[in-house]
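Worksheet: one structure, shown below.
The values are calculated or read from the model by the stated rules, or taken from the named source; none is laboratory data. Quick caveat: nothing in here was measured; it's all calculated off a predicted structure. Positions of Cβ are generated from backbone atoms using ideal geometry, with glycine treated the same way; all protein chains shown enter the neighbour counts.
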């Protein structure tokens, strides 16, 4: 990746299995506070009320990918909307030994991109291209096709309304390859979260994709556009 991997002292890694260790704190224009922690030997990016990334313990995507037939993807181009610390490439590369994918990662927050570039991207062998942009604008003006699109966009614990619309799904479909995979991460931790996510699936997502599936994973509902991947 052109940058060397930052080595954390062994004692900090050891201590992180007993208590989280703060590695870096940043303030951005989109979040009041961003904390990069070492937790159980892994990098964790979080705010005061949400976890945005957690290496291979970002279990919503780890649990989902364990259930999917990713060998059925029509190609190797992947778009990630909401990069965090690049947990999705990390999971695919380190947990599933899939390092042939080429990623475009769209992230609006420069502070997040800075942390990912410093701590996470140098650990990856995969080709990762980071794009600092608004995800809605990116998909509306993108002229590329992707074989898998992963949407992991939150502001705190909320998904902005523009990323829950029919228009946004149509824009995703326009840049998704024929028989490609679209994945959307939604919260399902509380009863309110579950009801809102189920309602979105029933009224919006499945009305766009007739063969869609909702997969409960670790306090999240993971939505996919094509059950052929299960």
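Residues in segment 1-46 that are within 17 Å of residue 117 (Cβ to Cβ) and exposed (fewer than 10 other Cβ atoms within 10 Å of the Cβ) were compared, and the one that is modelled with the highest pLDDT is 7. Give segment 41-60 a look and list any residue that's touching a helix residue (DSSP H, G or I) at 6+ places or on another chain (Cβ under 9 Å) and under 14 Å from residue 87 (Cβ atoms), or say none. Answer for segment 41-60, where residues must be touching a helix residue (DSSP H, G or I) at 6+ places or on another chain (Cβ under 9 Å) and under 14 Å from residue 87 (Cβ atoms): 42, 43, 44, 45, 52, 53, 54, 55, 56, 57, 58. Tell me, yes or no, whether segment 140-148 has at least one residue that is in the same structural domain as residue 216 (by TED's automatic domain parsing) and under 19 Å from residue 221 (Cα atoms). Yes, the conditions are met somewhere in segment 140-148.
Examine segment 206-228 for a residue that is touching a residue at least 40 places away in the same chain (Cβ under 8 Å), in a loop (DSSP other than H, G, I, E, B) and at positive phi, and state whether such a residue exists. The answer is yes; a qualifying residue exists. Being out of contact with any strand residue (DSSP E or B) (no Cβ under 7 Å at 6 or more places or on another chain) and not assigned by TED's automatic domain parsing to the domain that holds residue 187 narrows it down to one of 123, 42, so name that one. None of the others qualify; the one that does is 42. Criterion first (farther than 24 Å from residue 104 by Cβ, at pLDDT below 95 and either in contact with a helix residue (DSSP H, G or I) (Cβ under 6 Å, 6 or more places away or on another chain) or not in a loop (DSSP other than H, G, I, E, B) (or both)) does residue 202 satisfy it? No: the conditions fail for residue 202.
Of all residues in segment 71-111, those that are surrounded by fewer than 18 Cβ atoms within 10 Å (Cβ to Cβ), modelled with pLDDT of 95 or more and within 16 Å of the chain's Cα centre (by Cα) total 1. Given the condition surrounded by fewer than 15 Cβ atoms within 10 Å (Cβ to Cβ) and under 24 Å from residue 186 (Cβ atoms), answer yes or no: does some residue in segment 117-135 qualify? Checked segment 117-135: at least one residue is surrounded by fewer than 15 Cβ atoms within 10 Å (Cβ to Cβ) and under 24 Å from residue 186 (Cβ atoms).
With the condition kept exactly as written, say whether any residue in segment 170-179 is more than 24 Å from residue 68 (Cα to Cα), outside any loop (DSSP other than H, G, I, E, B) and in the same structural domain as residue 67 (by TED's automatic domain parsing). So far as segment 170-179 goes, no, none of its residues is more than 24 Å from residue 68 (Cα to Cα), outside any loop (DSSP other than H, G, I, E, B) and in the same structural domain as residue 67 (by TED's automatic domain parsing). When each of 182, 224, 132, 153 is tested for being under 28 Å from residue 45 (Cα atoms) and modelled with pLDDT under 95, the lone residue that passes is 153.
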